[in-house]
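Below is one structure, written out as structure tokens; comments come after it.
The values are calculated or read from the model by the stated rules, or taken from the named source; none is laboratory data. Nothing here was measured: the structure is a model prediction, and the numbers come from that model. Neighbour counts run over all protein chains shown; Cβ positions are idealised from the backbone, glycine included.
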Amino acid sequence: MLSAVAQQQLLQPTVHVGNLDTSTPKRQLKEALFYRFARYGTVIDVVVMKRQKRLRGQAWVVFLSVGGASKCIQDAQGKLLLGRKMRLAYANKKSNATAERDGTWIPVRSRPKNAGADGKMNLGQQQGVQETSKETTKILLRDLPENATEDAMNALFGQFGQFLSLKQVEKDSMIVEFGTANAANVAYKNLTGFRLTPTDVLEMEFV
């Protein structure tokens with residue numbers, strides 16, 4: 001199982017944006033995404049692929065740092081852009097813009113199938129995490145503020161697939177259980193550093 005530190009190190013500074021308006025012209029959509037997301041950090045690329053039918057309604061916004069991507073996901077999740085509620089998540093693979101900046105870029109013809117721009121697979125594939133795993137995975141939520149009630153945490157984690165249960169173990173800590181390791185990874189990636197109050201962020205670790 002991945003440690004919290006390992007998970008954090010593998011996060012990409014790219015935000016995958018879903019549920020976008022498919023009728024908006026590509027140039028206008030890229031501009032809207034850039035100006036909407038630039039408030040969270042330096043945006044170095046916006047990728048929109050309108051020609052491929054399966055990718056319509058999706059985009060990728062590449063930040064200079066993971067911090068910018070994290071702020072964006074925390075603040076803009078579910079908010080409107082061109083009349084549609086955005087669905088945001090960390091990208092699973094390294095973008096071309098990021099790989100070019102850090103010197104890990106590999107030509108497409110030299111990459112394994114479905115690999116990122118650095119030739120590496122996504123988080124679950126790198127670590128051998130399989131969606132079909134029958135073992136549940138638990139995440140400890142620690143140092144929770146008073147406003148982090150069971151109802152609030154159930155609502156926060158219940159939006160992710162394979163969410164099974166949440167249990168209070170101490171006054172300031174809870175255990176969240178997911179049906180698969182991959183599902184727990186998704187929740188962890190999306191909620192790491194989530195701001196619960198102006199001064200408290202969500203602290204998690206796998207147990």
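Looking across segment 49-65, the residues that are more than 18 Å from Arg27 (Cα to Cα), surrounded by fewer than 19 Cβ atoms within 10 Å (Cβ to Cβ) and either touching a residue at least 24 places away in the same chain (Cβ under 8 Å) or in contact with a helix residue (DSSP H, G or I) (Cβ under 9 Å, 6 or more places away or on another chain) (or both) come down to Leu64, Ser65. Looking across segment 77-86, the residues that are more than 12 Å from the chain's Cα centre (by Cα) and either part of a helix (DSSP H, G or I) or surrounded by fewer than 19 Cβ atoms within 10 Å (Cβ to Cβ) (or both) come down to Gly78, Lys79, Leu80, Leu82, Gly83, Arg84, Lys85. The C-beta contact set for segment 129-145 (first residue more than 16 Å from Tyr188 (Cβ to Cβ) and buried (at least 16 other Cβ atoms within 10 Å of the Cβ), second residue at pLDDT 50 or above and of a type in the set (Val, Ile, Thr), distance under 9 angstrom, 6+ apart or interchain) is empty. Report yes if some residue within segment 126-146 is at pLDDT below 85, farther than 20 Å from Leu88 by Cα and part of a helix (DSSP H, G or I); otherwise report no. Yes: one or more hits.
Yes/no per residue for (1) in contact with an Asp or Glu (Cβ under 6 Å, 6 or more places away or on another chain); (2) assigned to a loop (DSSP other than H, G, I, E, B):
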position: Asp45; (1), (2): no, no
position: Lys50; (1), (2): no, yes
position: Cys72; (1), (2): no, no
position: Lys94; (1), (2): yes, yes
position: Thr98; (1), (2): no, no
position: Thr104; (1), (2): yes, yes
position: Arg109; (1), (2): no, no
position: Lys113; (1), (2): no, yes
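Restricting attention to segment 19-37, does a residue exist that is buried (at least 22 other Cβ atoms within 10 Å of the Cβ), without any contact (Cβ under 8 Å) to a residue 40 or more places away in the chain and not in a strand (DSSP E or B)? Yes, some residue in segment 19-37 is buried (at least 22 other Cβ atoms within 10 Å of the Cβ), without any contact (Cβ under 8 Å) to a residue 40 or more places away in the chain and not in a strand (DSSP E or B). Pairs meeting the criteria (first residue in segment 168-184 and surrounded by fewer than 21 Cβ atoms within 10 Å (Cβ to Cβ), second residue basic (Lys, Arg), beta carbons under 6 Å, at least 6 apart or on different chains) are Ser173/Arg142; Ile175/Lys138; Ile175/Lys167; Glu177/Lys138.
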